[in-house]
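One structure is given below, encoded as structure tokens.
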């Protein structure tokens, strides 16, 4: 979930598992059209609507976008006041659709990139070399610890760098830590 809704609202939404009953999600699974929030729209889940309003998410809309694999992204925008009148709604529709498709495209792209780096598998020696490198050890020191040559350590480091897309050992360790590999 990407956005700038209040952290407390996002926590509440997750705690209450509102995604299961959220009508904006249900709507966007079956329609490519945007939808305006309203009391009627949320009539089947009044507690969700009440909680959203408690966080000043009073006026809002949702617009889906889809990628070639069938994944759905949902752009949801809200404001505290000033109801969306018909003229504003008609003006917003094409803009929201274009923005949703652009944002969705980039989010799908970003998630694909993250998923591909998270799927990296390291061998046992590579993991050990990564851990010792993260501790600041040189190739020679790691070689002594693992009972291998410095050249063998450097071989593993080059493989790690290729797998993770890093150009040096510091970057490899940084990426590995950021991606949860060590």
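Derivation of every value follows stated rules applied to the coordinates shown; laboratory data play no part. Only a predicted model underlies this, so the values are computations on that prediction, with no experimental measurement involved. When we count neighbours, we look across all protein chains shown, and the Cβ atoms used for this are built from the backbone with ideal geometry, even at glycine.
Here residue 121 and residue 67 are evaluated by their C-beta separation; at R0 = 30 Å the FRET efficiency comes out at 0.70.
Can you show me the helix-derived [θ] at 222 nm for the chain, built from DSSP H runs with n ≥ 4 at -39,500 (n - 2.57) apiece and divided by the number of residues, rounded to the nearest 500. Could the numbers behind the result be given before it?
Working: 8 runs with 103 residues, N = 182.
Computed ellipticity for the chain at 222 nm equals -18000 deg cm²/dmol.
Spacing of the modelled spin labels on residue 16 and residue 31, each 7 Å from Cα toward Cβ, amounts to 2.2 nm.
Go ahead and run the numbers for FRET between residue 103 and residue 131, Cβ-Cβ distance against an R0 of 41 Å, rounding to 0.05.
Details: r = 38 Å, r/R0 = 0.92.
Working from the Cβ atoms, E equals 0.60.
The residue 95 and residue 47 beta-carbon pair, evaluated with R₀ = 30 Å, returns a calculated FRET efficiency of approximately 0.45.
The Rg/Rh ratio of the chain, with Rg taken over Cα atoms and Rh as the Kirkwood radius over Cα pairs, comes to 1.20.
The stretch 25-78 and the stretch 126-182 have Cα centres lying 46 Å from one another. So if I take the alpha carbon set of the stretch 124-178, get Rg, then get Rh from the Kirkwood formula, what is the Rg over Rh ratio? When Rh is taken as the Kirkwood radius, the ratio is 0.93.
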